[in-house]
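For reference, the structure is listed below as structure tokens.
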């Protein structure tokens, strides 16, 4: 196992030992799948499905979608005041991560997808824990880009 993976797993487990849960395990699996290369995988040509996975895992990184769900016991001004007081926009997104998309989902809150290097996973977790909680409830999902494959499948189906 790559030393970067071991380090990321150790940092993540140390940061949240009692709360790793299934989402945390899924993130760790995504890290491992995105950074470990088997000899047989290196020798073959990438397939279309491999291409979409690779976009989310280039250079030992992966895509992480974060749901920032509004605390509905507060109005928007109260949420924004709390986020400002806690330094949310100064801390998030953490340095070394890339924002792939950031949307407002009406009735839910915000949905952010980051490209996260494996060694920055703990930084993302800490930024959320220290600055977003109270204004948002959070959920994390490892993700990958499937758009081109879905479009190709749709075009092939229409052509038949």
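Within region 53-81, the residues that satisfy the criterion of being surrounded by 14 or more Cβ atoms within 10 Å (Cβ to Cβ), part of a helix (DSSP H, G or I) and either modelled with pLDDT of 90 or more or in contact with a strand residue (DSSP E or B) (Cβ under 9 Å, 6 or more places away or on another chain) (or both) are 55, 60, 79, 80. Residues in region 118-160 that are modelled with pLDDT of 95 or more, over 20 Å from residue 83 (Cα atoms) and assigned to a loop (DSSP other than H, G, I, E, B): there are none. Filtered by the rule that a residue be surrounded by fewer than 19 Cβ atoms within 10 Å (Cβ to Cβ) and not in a strand (DSSP E or B), region 92-117 gives 94, 95, 96, 106, 107, 108.
The values are calculated or read from the model by the stated rules, or taken from the named source; none is laboratory data. Nothing here was measured: the structure is a model prediction, and the numbers come from that model. Methodologically, a virtual Cβ is constructed for each residue, glycine included, from the backbone with ideal geometry; neighbour enumeration extends over all protein chains shown.
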